[in-house]
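The structure under discussion appears below in the form of structure tokens.
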Amino acid sequence: MADGDTVTVLDADRTQHKIRVAGIDAPEKKQPFGQRSKASMSNLVFGKDVVVMGSKRDRYGRLVGKVLVADPSCTARTCPKTLDARLAQITTGMAWWYRQYARKQSAEDAGTYELAEQEARDRHVGLWRDVAPIPPWEWRRATHPQSGQRFSALGRLH
């Protein structure tokens, strides 16, 4: 488990795949709530059968998708995979809904995630306990200011 929005899964051939959970952004590991977010995602998916819905890859080669797992209350081996891990992370205040990618979600999902984030904020759960939590995209920009620079074919900074 890399963090609260990335998981590693094994397929039927025991090949590992890194999955970037679409539509959320979790605190970075060294950021407040980063380790809690990672533990939360781990509790949701570690050692469990999951369904990954997605076909796009990000710039790091990770598959980007929706991760579904059986509801923890179902104890049978054949439980349907209906629990959306990203929604669970948002609901418990372990991740932000990534508004920047809302247009890539169905209108239903975007509305559900937006509402879940607002409810988590209102209940002050997880990272919303902080007075002013710093979104991970701002944290990354502040801690890695070079990451936004572009290079030309000659390798010069723009």
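Of the numbered criteria (1) under 18 Å from P136 (Cβ atoms); (2) out of contact with any Lys or Arg (no Cβ under 9 Å at 6 or more places or on another chain); (3) modelled with pLDDT under 95, the one W96 fails is (3).
I'd like to know if segment 50-64 contains one or more residues that are among the acidic types (D, E), in contact (Cβ under 8 Å) with a residue 60 or more places away in the chain and at negative phi. No - not one qualifying residue is present in segment 50-64.
Residue-wise test of (1) farther than 19 Å from L10 by Cα; (2) open to solvent by less than 60 Å² (accessible area, probe 1.4 Å).
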residue: P32; (1), (2): yes, no
residue: R77; (1), (2): no, no
residue: I90; (1), (2): yes, yes
residue: M94; (1), (2): yes, yes
residue: K104; (1), (2): yes, no
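In segment 112-138, which residues are part of a helix (DSSP H, G or I) and either in contact (Cβ under 8 Å) with a residue 60 or more places away in the chain or among the basic types (K, R) (or both)? Selection gives Y113, R121, R123, G126, L127, R129, P136, W137.
A count restricted to segment 120-144 and to residues that are under 18 Å from F33 (Cα atoms), open to solvent by 80 Å² or more (accessible area, probe 1.4 Å) and not aliphatic (A, V, I, L, M) stands at 7. Just one residue in the set V51, V64 is surrounded by 15 or more Cβ atoms within 10 Å (Cβ to Cβ), out of contact with any Pro (no Cβ under 6 Å at 6 or more places or on another chain) and of a type in the set (V, I, T); that residue is V64. Would you confirm, using the coordinates I've provided, whether E108 is more than 17 Å from the chain's Cα centre (by Cα), of a type in the set (D, E) and at pLDDT 95 or above? No; evaluated as a whole, the condition is false for this residue.
Restricting attention to segment 23-69, the residues that are farther than 19 Å from R99 by Cβ, assigned to a loop (DSSP other than H, G, I, E, B) and more than 13 Å from the chain's Cα centre (by Cα) total 9. When we screen T6, T15 for residues that are over 13 Å from W96 (Cβ atoms) and more than 9 Å from the chain's Cα centre (by Cα), the only hit is T15.
If you go through segment 2-27 and keep only what is loosely packed, with under 14 Cβ neighbours inside 10 Å and of a type in the set (A, V, I, L, M, F, W, C), you end up with L10, A12.
The values are calculated or read from the model by the stated rules, or taken from the named source; none is laboratory data. Please read these numbers as outputs of a predicted model, since none were measured by experiment. No Cβ is skipped: glycine too gets one built from the backbone with ideal geometry, and neighbour counts run over all protein chains shown. SASA here: full protein model, heavy atoms, side chains in, ligands and nucleic acids out. Shrake-Rupley method; radii C 1.70, N 1.55, O 1.52, S 1.80 Å.
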